[in-house]
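Here is the structure we will look at, set down as structure tokens.
Read-outs throughout are calculated quantities, based only on the coordinates presented, and are distinct from any laboratory measurement. Because the structure is predicted, anything quoted here is derived from the model rather than measured. Glycine also receives a Cβ, built like all others from the backbone with ideal geometry; neighbour counts cover every protein chain displayed.
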Amino acid sequence: MRGKFITFEGGEGTGKSTQAAMLALRLESLGLSVQLTREPGGSPGAEIIRHVLLSGAAKPLGPDVEAMLFTAARDDHVQCTILPALDAGKWVICDRFADSTRVYQGILGQVDERLINVLERVSVGDLAPDLTIILDVPVELGLERIKLRRGDAVPDRFEAESVEFHQKLRQAFLAVAAEAPDRCVVIDASAPKEAVARKIWNTVGARLDPMTFPIASETRRTEVGA
């Protein structure tokens, strides 16, 4: 049986990585095989491109080029990690996917939607998440979480953007959710992480019913970037 594909989306500091990992552990507790991954990254080639993108090295080239680089990373990720895992019956949980390119480069970067559509068709094809969880928090809270998490480290390419950018980012993700209610669920992630995880688990149970999925003969989670 083909596995299920769940993506986490949202602005900076919404807790995507934390909640993706918590969901992976919960699914594994049922005896399911899980592939936890991320974008940009999640495969050897994509991890190289991740460094270029998050370092800000590609920013001077403009949002069109950034969109192309994200697409190149996604193509490698899909072919090397996501599709093989799904074909093997694993539940794939991905921290960001194609919606992020539509929001960051398409809506905020004003890359022509026709180019975004072509890039998505090339890198994703018919692959679509079975469920997209969009985590939502007030911008001020998200930025404060980032600051605490980062410590003395240098902000990455997108963390360093203005408050106005992050406000537009939040609204753009909410717009994506409104356009695809059958796939997307918005969850208030301003609560403690355990409470947010319960909301996510209830959503996954209602939408995908993991209790009915066959238990893997060998349950093992493959870490991000492996």
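Computed from the alpha carbon atoms alone, the convex hull of the range 47-167 holds 125 Å³ per residue. The loop-placed trypsin sites (Lys or Arg not before Pro) in the range 1-43, going by DSSP, that have at most 13 neighbouring Cβ atoms within 10 Å of their Cβ come out as ARG2. In plain terms, if you count all Cα to Cα distances in the chain and split them into 10 Å steps from zero, the share in each step is 8, 34, 39, 17, 2 percent.
Exposure proxy ranking for CYS94, CYS184, CYS80, based on other Cβ atoms within 10 angstrom of each Cβ and starting from the fewest, stands as CYS80, CYS184, CYS94.
For the range 5-212, the dipole from Cβ point charges (+1 on Lys and Arg, -1 on Asp and Glu) about the Cα centre works out to 400 debye, to the nearest 20. Here's the picture: charge each Lys and Arg Cβ at +1 and each Asp and Glu Cβ at -1 in the chain, and of MET68, TYR104, GLY11 the one pushed furthest to the positive end of that dipole is GLY11.
By the Stokes-Einstein formula, at 0.692 mPa s and 37 °C, the range 21-75 with its Kirkwood radius over alpha-carbon pairs has D equal to 260 µm²/s.
Residues THR203, THR7, arranged from fewest to most other Cβ atoms within 10 angstrom of their Cβ, appear as THR203, THR7. Of LYS168/LYS193; LYS90/LYS199; LYS16/LYS147, which pairs sit farther than 18 Å apart, going by alpha carbon to alpha carbon? Exceeds cut-off: LYS168/LYS193; LYS90/LYS199. Measuring from centroid to centroid over Cα atoms, what is the spacing of the range 80-140 and the range 150-173 in Å? One Cα centre to the other: 19 Å.
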